[in-house]
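Only one structure is covered here, and it is reproduced in the block below.
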Amino acid sequence: MVTRRTLAVGLIGYNFMGKAHSNAWRQASRFFNLPANVRLKTICGRNRAAVKKAATKLGWENAQTDWRRVIDDSKIDIVDICTPNDTHCEIAIAAAQAGKAVLCEKPLARNMDEAEKMVRAVKKARVVNMVCHNYRRVPAIVLAKQMIERGEIGDRIFHFCARYAQDWIVDPNFPLVWRLQSDPAGSGALGDIFSHIVDLARYLVGEFREVSAAMETFVKQRPLKSGARKTGRVTVDDAVAMIGRFENGALASLEATRFAPGRKNSLTLEINGSAGSLFFDLEEMNRLKFFSGRDPQDRQGFHDIIVTEPSHPYIDKWWPPGHIIGYEHTFIHTMADFVKAVVDGKSVQPTFEDGLQNQRVLDAVSQSADAKRWAGLR
């Protein structure tokens, strides 16, 4: 009798993304026929009381306050990094050198130098690696990818337009958290949410050739903590707007902002091709709008594809047609694919290489905004 393999996971970080990843690790094997069991072995965070509470609440066997102990644990197979951006590089390199498979939250790094070091480390160690750009695993997004590859919107793409808008820092009295400081975060809206639409653009349309961008910090001083009189300087961007060209000649228009009142987590994108268009709105993530220029003229118009059929990507693992899934499912899809990759010994997209390419675009955007001119990516 062959003993079924068990993969033990060490999760570093326990807040927002830590919760999302914990839920995904718990649920993946319950809905997907995985080639290995998943063991939630250790969760790690700097606050001892908080991480112990998180371990109990989220289903982890152990709590740890030093990420190096997680890396040193020979029984841990996968290291999942959900920490602030300034720690990604050191933890990922250490995990790779220890022979662990590495899953890292986006953005992969704060800059090109860190991203390149991380890519070199996973290549040298030959470990399975992946960046958690969970929106690649929204069923409607995967369906859009399939439709584009089948030529359903034509053999030529003209436009990719995307906007990612939030409003959580519109209040000038919101405190100076780490996401608003360049040392831990690297960048603001650029790395936090713009990176998502850059990754989706590359996934759906292809690589960028050149970009031209503008960035702005609307509130330049904030209270050091909630209710405090003493303030500190915001050292990242609040919003970024970019136009660009892809290698295939398509035009890009991308915008990300954390200053859009009423927009909590709004991500929309539209792709226009020579024979049709696709439109997606994350707030209606089970729908994909499709216009086909091949329809009879008196029947033309955008129509909804309700992405809940068993034939749609990932959906056969969930509910009967018409029963929708949500945000948390994108992480479950990610973990399921990653477990399969670890067992197969082959990395799955988006890999650290993808994270590096995303960072190359982000750096070009920043350079363009600073220089007020086009920046090439060749």
The lone exception for residue 221 - which of (1) open to solvent by 30 Å² or more (accessible area, probe 1.4 Å); (2) under 16 Å from the mean Cα position of the chain (by Cα); (3) of a type in the set (S, T, N, Q) it fails: (2)
Checking the structure you have, find out if any residue of the stretch 303-325 is closer than 21 Å to residue 191 by Cα and either surrounded by 17 or more Cβ atoms within 10 Å (Cβ to Cβ) or of a type in the set (Phe, Trp, Tyr) (or both). no
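What do you reckon, is residue 147 crowded, with 22+ Cβ neighbours inside 10 Å, in contact (Cβ under 8 Å) with a residue 60 or more places away in the chain and either in contact with a Pro (Cβ under 7 Å, 6 or more places away or on another chain) or farther than 30 Å from residue 221 by Cβ (or both)?
Here the answer is no, as residue 147 does not meet what is asked.
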What residue, among those in the stretch 292-314 that are free of Cβ contacts under 8 Å to residues at least 24 places away in the same chain and part of a strand (DSSP E or B), is nearest to the chain's Cα centre (by Cα)? 306
If a residue must be under 14 Å from the mean Cα position of the chain (by Cα) and either surrounded by fewer than 22 Cβ atoms within 10 Å (Cβ to Cβ) or at positive phi (or both), how many such residues does the stretch 326-347 contain? 2
Using the structure shown, decide if residue 52 is of a type in the set (D, E, K, R) and either open to solvent by less than 60 Å² (accessible area, probe 1.4 Å) or free of Cβ contacts under 8 Å to residues at least 12 places away in the same chain (or both). yes
State all residues of the stretch 42-69 that are assigned to a strand (DSSP E or B) and touching a Lys or Arg at 6+ places or on another chain (Cβ under 7 Å); if no residue qualifies, say none. 62, 63
Report yes if residue 73 is acidic (Asp, Glu), in contact with a strand residue (DSSP E or B) (Cβ under 7 Å, 6 or more places away or on another chain), surrounded by 21 or more Cβ atoms within 10 Å (Cβ to Cβ) and touching a residue at least 60 places away in the same chain (Cβ under 8 Å), otherwise no. no
Tell me, yes or no, whether the stretch 185-196 has at least one residue that is of a type in the set (Ser, Thr, Tyr), under 20 Å from residue 372 (Cα atoms) and open to solvent by 10 Å² or more (accessible area, probe 1.4 Å). yes
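The values are calculated or read from the model by the stated rules, or taken from the named source; none is laboratory data. A quick note: this is a predicted structure, and the numbers were derived from the prediction, not measured. Cβ atoms come from the backbone with ideal geometry, glycine included; neighbour counts cover every protein chain shown. Areas reflect the complete protein model, heavy atoms only, side chains present, ligands, DNA and RNA absent. Shrake-Rupley method; radii C 1.70, N 1.55, O 1.52, S 1.80 Å.
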